[in-house]
1. Return one quarter of the surface area of the convex hull spanned by the alpha-carbon atoms of the stretch 2-142, equal to its mean projected area, in nm².
2. In bins 10 Å wide, starting from 0, what share of all Cα pairs of the stretch 279-421 does each bin hold, as a percent?
3. Please find the FRET efficiency linking Ser25 to Asp115, where r is the Cβ-Cβ separation and R0 is fixed at 56 Å, and quote it to the nearest 0.05.
4. Given the pairs Lys48/Lys442; Lys9/Lys135; Lys27/Lys452, which are separated by over 31 angstrom at their Cα positions?
5. Looking at the square roots a ≥ b ≥ c of the eigenvalues of the Cα gyration tensor of the stretch 346-403, which shape do they give, rounded for a/c under 1.5, prolate if a/b is larger than b/c, or oblate?
6. What is the sum of charges around Asn54, taking Lys and Arg as +1, Asp and Glu as -1, for the other residues whose C-beta is under 13 Å from the C-beta of Asn54?
7. With +1 on each Lys and Arg Cβ and -1 on each Asp and Glu Cβ, and nothing else charged, work out how big the dipole of the stretch 1-121 is about its Cα centre, in Debye to the nearest 20.
8. In angstroms, what radius of gyration and Dmax does the stretch 404-460 have, counting Cα atoms only?
Amino acid sequence: MNVLLVYPKYPETFWSFKYALKFVSKKAAFPPLGLLTVAALLPISWNKRLLDLNVSKWKDKDLDGIDMVMISAMLIQEASVEEIIQRCQARGVKIVVGGPLFTISGEEQLDDRIDHYILDEGEVTIPQFLADLEKGTPRRVYTSPERPDLSRTPRPRWELISFKNYATLPVQYSRGCPFNCDFCDIAILNGRVPRTKGSEQMLAEMEILYERGWRGGVFIVDDNFIGHKKQVKHLLNALREWNQVRRHPFHFITEASLNLADDDELLKLMAEANFSQVFLGIETPNEGSLTECNKVQNAERDLEASILKIQRAGLEVLGGFIVGFDNDPPSIFEQQIRFIQRIGVVTAMVGLLHAVPRTPLYLRLKEQGRILMGSTGNNTDGTLNFIPKMDNQVLIDGYRQIIDTIYNPRQYYERIKTFLKGYQPNLKGQRLSVRDIRAFAKSLVILGIFAKERSYYWRLLTVTLIKYRRSFPQAISCAIYGYHFRRVLKKVKLTPPGPTPREAS
């Protein structure tokens with residue numbers, strides 16, 4: 001069996017880092033961990049090739065001799081998926097799909113052009129598909145409510161990609177999140193009870209990356225890395241020792257919940273294990289909106305103090321923010337701007353609330369007759385897929401006010417300085433690589449000479465060298481990211497949602 005595993009292309013988004021990647025001469029931020037793991041679940045005798053459309057262009061010859069194309073995708077990649085399906089259909093190649101895009105859509109939205117759907121968690125449904133395929137009786141849809149033990153998860157087939165194309169490598173430690181925010185699909189995809197790999201299993205995966213020559217950032221892509229605090233502390237102790245023995249070849253990035261700030265031991269262990277950044281769903285400073293969306297881990301706490309505590313521990317906070325909740329007051333836009341500037345979260349992804357299929361939010365809005373369209377999977381593309389309580393145009397204009405303000409060079413560079421003031425860097429093994437030197441040189445030219453914000457860039461460099469010399473790499477990275485964010489957000493076309501069927505009639 002000759003199989004082509006295809007990873008669809010991402011559009012230009014906040015998290016694509018397209019314009020920042022040019023500074024480090026990389027083609028994509030991360031390789032497709034899901035497909036690399038799927039490849040490891042397939043029979044050894046099969047011939048496998050991986051095509052990541054984010055690093056390679058599709059060629060007609062890519063389908064020569066291929067018996068089956070396997071696609072894994074997220075909602076945001078739907079447009080690219082359509083192109084892949086059309087190409088495969090034109091050549092008569094069987095199509096097998098899986099991943100969040102298809103799992104969250106459910107069996108009610110099957111596409112006649114797709115031969116097989118392998119939904120839910122692959123450790124369960126892929127072996128079922130393979131067994132039926134061998135018997136010559138494969139079903140069209142494979143689904144299972146089982147939440148498998150992650151000891152069953154094989155090591156990704158890293159040999160199918162070239163590390164040189166990517167800025168950061170991903171690994172997975174756990175699945176699931178103990179919280180149940182009503183706009184989030186994590187509980188649907190991976191459950192409420194966090195499951196983890198063992199520490200030895202994780203260290204074995206790290207060792208493979210190390211032996212294959214990787215040095216730099218490793219993104220632990222968990223839904224909530226600290227979902228099972230007791231287990232994660234065991235891992236962090238082991239990871240700290242592993243990293244120390246090898247002179248800190250990796251630094252780690254992950255996603256967590258804001259209750260990280262409540263556990264001093266956990267913060268200390270993450271810093272000692274060489275974690276550099278953590279993404280947190282901060283969402284909103286408005287208490288009523290936090291209660292509305294069941295964000296219990298953020299409600300009734302001093303958000304600012306929690307975020308500053310995490311950054312003082314040496315972890316740069318990347319923050320997600322949302323506007324469009326029913327409980328948002330008219331002042332929410334100014335409130336978000338002031339809050340984001342005050343806490344110094346440089347990478348602040350502000351999006352419009354989006355109702356993802358099957359989430360509690362989607363079901364509630366559907367029952368109220370407020371759903372207008374499916375989700376694009378991108379809450380920064382300016383689309384609303386439901387009727388908000390706030391006037392449509394007021395919400396759209398307010399959202400534009402936020403992103404235009406916080407990514408304006410003056411406010412953005414001020415936020416970098418606020419971050420540096422409260423940040424205590426403790427990253428170990430931070431060495432200047434050839435890639436880092438090239439990125440800095442390019443920033444001197446692009447940001448220091450040609451960009452409109454060049455005066456802010458030079459002032460940042462000066463202040464950093466005088467006051468925050470140990471944070472100089474972080475300051476340069478923030479400046480480069482800002483360049484990317486401004487390029488992406490400039491292309492966002494904000495339009496109110498169309499009329500409901502009732503209004504149209």
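Values quoted throughout were computed directly from the atomic coordinates according to the rules given, and no laboratory measurement underlies them. In this text the structure is predicted, and so the values were computed from the model without any measurement. All Cβ positions, glycine included, derive from the backbone under ideal geometry; neighbour counts span all protein chains shown.
1. Dividing the Cα hull surface by four gives the mean projection, 8.9 nm².
2. Pairs per bin, as whole percents: 11, 41, 35, 12, 1.
3. Working: r = 39 Å, r/R0 = 0.69.
The computed FRET efficiency comes out at 0.90.
4. Values: Lys48/Lys442 37 Å; Lys9/Lys135 34 Å; Lys27/Lys452 25 Å.
Over 31 Å apart, Cα to Cα: Lys48/Lys442; Lys9/Lys135.
5. Working: a/c = 2.41, a/b = 1.49, b/c = 1.62.
Since a/c reaches 1.5 but b/c is at least a/b, the shape of the stretch 346-403 is classed as oblate.
6. Working: positive: Lys9, Lys18, Lys26, Lys27, Lys57; negative: Glu12, Asp52.
Within the 13 Å Cβ shell, the charges total +3.
7. Here the size comes out at about 840 debye.
8. Answer for the stretch 404-460, Rg first and Dmax second: 13.5, 37 Å.
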